[in-house]
Structures are given as structure tokens and as C-alpha cells.
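Colleague: First the structure, which I've put down as C-alpha cells, then a few questions once you've had a look.
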Ligand code: NCD
């Protein structure tokens, strides 16, 4: 029987909540479960159970359909010897009576030791985490992220390739609507893999995801590589320790043209296929890339594993199933050991082992956080953000992280919940009653003075709230940037 060890309230909302080292730790533990609890016939399958989580209960709270994520989480908990309680049908839970997520989470936290949540709104898992005294795992929130799917995807890549750095991964389909893609590209970028986007028309990666790849994960866009382009990772940064084995990845876009040329000619290591996310789009699917035996005949895919988070609905032909490159069923099987590892780490069941401690995370906590009531000023512009869910109105706030990567560049706001970004807004100073549309002014806002500021969607909102325009701000800023007083 296991003892209740230190349960952390660490949440997993985004893949960026985990450091690279932590991801490696999860994989080490997942592999140890595969080794210790094997299925005799299939090496990718957990075949037996342990009892290390016998004192614990996992709650799965699913407001959207799921097969793999919910069942593999539940299987993982049962394989660890724990118990599971499930609310998988919003129609038969109190959600149908109009209960908010914030209330549901506070209730369920008394019935379980950790919970996994899936919700149609972007940022729902972050909201749940705000109200939960037990760990909340994001099992997919709208089109925002699906971090545990990415853990399964990376684990599959690791099993197939030994190292992730220097891989070239093509991502195909609905890159805008697929939450699996968003978590996946951040992880690939952080580990130095090259990404070749192959979007369906109009379904490119969201603008803010591209920007984040560029600004936070040092990616470069190479329009010369194929018709769509590729993102290349520049030299490893101190916060991006080596992942897996292999030589350090050092590819500089500007300085090493021979390395670039080599990378352009490099074969694709994996094709990651996604379905059209019909539940996230108003319009019908038009043209959509289809991966089949003919597509995979191209020599550049000769060594490419084929991955898919599943379910597939026509974009990945069944004829590929018998191809040795097909890895998607194995990828789905890894959901069990990978989630066993995550659960046991979050429950503190690996204390005393020689594995790295499960602390830290990748995200920078240094960003200034603006936090105002929902009734005041600017709201997140993403209509699918959880802040626009009527039921949650009493429980959410207008919260934004301030992005001022470069003091000489215009600032942006990142929604605390859904992480979408806004670059046009009005900044108002409560003390002096001025406002400006110049987002350079964000650079002057700190954790100490952030309460002196309000953000508005436009000038008329600011004027309506009693603010008046601040003259000469832009001129003063350019003088400051030029080093003059
Ligand atoms: C994905 C999801 O829910 O985002 N499914 C999964 O969890 N394996 C992919 C999808 O639904 O297309």
C-alpha cells in the first residue's frame, strides 16, 4: 500500500508549464513502467498493474467527446492501482443545470486527488486550476492546447528516433484549430526540431503561435524550404537543456548557409496528420490534405513515421495502416505509460528515486500580470476564450500578461487564460487620467505600478470612462529610445 506522499498543487495547463528536463523525467518513468509492467507480446503496451497509487482517486471531467485521452488517463490510474471517478457527459452532470466550471472544480476537488479536464473553451483548464486545490491536467481546452497528447507524440518520436534534435517534422491539416498542434510545435521548437507546416488552405498556424515560436523559442522562418517554409531553431539557449541524446544542435539561419542547405535537403522524419476540427469552425471544410500511400511514395518521406493524435476522419487513408511507417496506434498506446508517469509525478509517488525532482517548469514567471474585474475595460478578443462563457462570468477576470520583449518594439497583451494575443488596445493611467493608443507605453508598466493602469479596447471606451488623450507620448518615447532625456 502506498502512503499519501506530498501531493503538489502543480497544474499542467500548457506544455510550456513543463521544463525540458521534466519532460525527460516523465519519459524515463514512462519507460520504467513499460519495462516493469510489460505486455509480453507488444513492447509499447502496458500489460500489468502496480498498486503505488492505491490511496488516490483521479477525477475525469469531460465537457467534450473523448476516447483516447479519457480512457488512457483512466487506464493509467487503474494500472497504478488508483481509482477513477468520471463525469464524461455534460448532459447528465450539473453542467446541464447551468453549473459553472469554477464551482464544479471546487466540489470535485473534495472527491479526488487530481483531475483531468476537457472543455470546448480555450483557457478553461487555466480557470479550473485557479479554483482547484488539487492538480488539474488539461486534457484539451478548445483550440488552445493539449499538453499530454504532446507528451505521447514526443515519446513516440523518441522511441522511433532516439533523439529529437535535428529531426524534421511535417505537420499537416488544420494547424489553426488543432490544439494538439499548438502544444506540439512549442515542444518541437524547444527541443530543436525543424517544423515544416503543411496547412490546409486558410488553416495556418495562428499568428500568435508563430510569433511565440519566433520570439520565445528562437525560431526562424525559411521560405526557401519547400512551398510552405520551415521553422528553424537557432543555437540552444540556457533555458533549453539538451533533450535526448545526440550532438548539440547549432543551426544559425544567418551565418551557416551550408547547414541551412543541408537542412533543406534533409528528409522528413515524421508526418503529423490532423483532422479538420469541424467543431471549431463555422464554415465547412473545403480542400484538405489527404495522406495516403501515394503521398508517402515521395522519397522525402521514405523514412518518415506517420503520426496522428486520432480520431481520423478521412485525412489519413486506412491503406497506410499496413505501412511500416504508420506509428499512430503505437502513439495512442503510449498514452497509458506516459500518463501513468505524469500522474505518479503529480501525486509525489516518486520521492526518493534517483529521478530529477518535478519542479520548476519552462514558462517565465517574470511577465507582468494585469488583473482587473471582468466589468472593467478590455476583454480578451478571442471569442472562444473562457472569459466569454456566461456561466463563468463571476469567476473570471480580465487578466493579461504584458509582452514587452523588446523595449524599442510595440507591446502586446497575452490573455492569461487562452494565451491568445492582442496588439491594438488603449492604455490608460488612472492617476493622471490620460490614455494612449501607443502600445510602446507597456514597457513602462511594472509589477509595482500595474494597478495604476487600465486597458480599453478603443479610444471611445477610454473617453467614456473619463480618460483624455496623452499628447506627445510617441515623440517622448522616440527621444527616450534614442537616449535623449
Ligand atoms: C485530439 C483532441 O481531442 O484534440 N484527440 C485526442 O485527444 N487524441 C485530436 C482531435 O480530436 O482531432
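No value in this document is a laboratory result; all are computed from the given coordinates. Since the structure is predicted, the reported quantities are computational estimates derived from the model, not experimental observations. Every residue, glycine among them, receives a Cβ derived from its backbone with ideal geometry; neighbour counts consider all protein chains shown.
Colleague: Would the stretch 85-156 count as rounded, prolate or oblate if I go by the C-alpha gyration tensor, calling it rounded below 1.5 in a/c and otherwise prolate when a/b exceeds b/c, oblate otherwise? The partial results should precede the final answer.
Modeller: On the way: a/c = 1.85, a/b = 1.54, b/c = 1.20.
The shape class here is prolate.
Colleague: Which three extents, in angstrom, do the Cα atoms of the stretch 10-161 have along their principal axes, listed largest first?
Modeller: The principal-axis extents, from largest down, are 47, 29, 25 Å.
Colleague: A follow-up question, please. Going by Cα centres, the stretch 400-469 and the stretch 89-141 are how many Å apart?
Modeller: Each part reduced to its Cα centre gives a spacing of 31 Å.
Colleague: Another question, if that's okay. In units of 2.2 N^0.38 Å, what is the alpha-carbon radius of gyration of the stretch 252-332?
Modeller: Cα Rg divided by the expected 2.2 N^0.38 Å: 1.35.
Colleague: Going by how many other beta carbons lie within 10 Å of each one, how would you line up 470, 264, 121, fewest first?
Modeller: The fewest-first ordering by Cβ neighbours comes to 264, 470, 121.
Colleague: Taking the beta-carbon count within 10 Å as an exposure proxy, list 67, 150 from fewest neighbours to most.
Modeller: 67, 150
Colleague: Under 19 Å from a point 7 Å along the Cα-to-Cβ line of residue 366: which residues of the stretch 173-214 have their amide N that close?
Modeller: Of the residues in the stretch 173-214, 190, 212-214 have backbone N under 19 Å from the label point off residue 366.
Colleague: Another question, if that's okay. Evaluate E = 1/(1 + (r/R0)^6) for residue 111 and residue 292, where r is the Cβ-Cβ distance and R0 equals 51 Å; express this FRET efficiency to the nearest 0.05.
Modeller: 0.65
Colleague: Here's something else I'd like to know. Tally the DSSP beta bridges in the stretch 369-481 and give the antiparallel ones as a percent, rounded to 5.
Modeller: Of all bridge pairs located within the stretch 369-481, approximately 90 percent are antiparallel.
Colleague: Quick one: grab the alpha carbon gyration tensor of the stretch 54-113, order the square roots of its eigenvalues as a ≥ b ≥ c, and give me rounded if a/c is under 1.5, else prolate or oblate depending on whether a/b is larger than b/c.
Modeller: Oblate, since a/c reaches 1.5 and b/c is not below a/b.
Colleague: What FRET efficiency, computed as 1/(1 + (r/R0)^6) with R0 = 51 Å and r the Cβ-Cβ distance, is obtained for residue 410 and residue 103, rounded to the nearest 0.05?
Modeller: E(calc), rounded to 0.05, equals 0.85.
Colleague: Please report, to two decimal places, log10 I(q)/I(0) for the stretch 369-481 at q = 0.09, 0.21 Å⁻¹ as given by the Debye formula with identical point scatterers on the Cα atoms and no solvent.
Modeller: -0.23, -1.19
Colleague: Taking 0.36 nm per intervening residue step and subtracting the Cα-Cα distance, what contour gain separates residue 36 from residue 215 on full extension?
Modeller: Contour length minus the Cα-Cα distance gives 60.3 nm.
Colleague: When a footprinting reagent is the concern and you count Cβ atoms within 10 Å, what order do 209, 136, 426 take, fewest first?
Modeller: Working: 209 20, 136 30, 426 25.
Least to most surrounded, the residues fall as 209, 426, 136.
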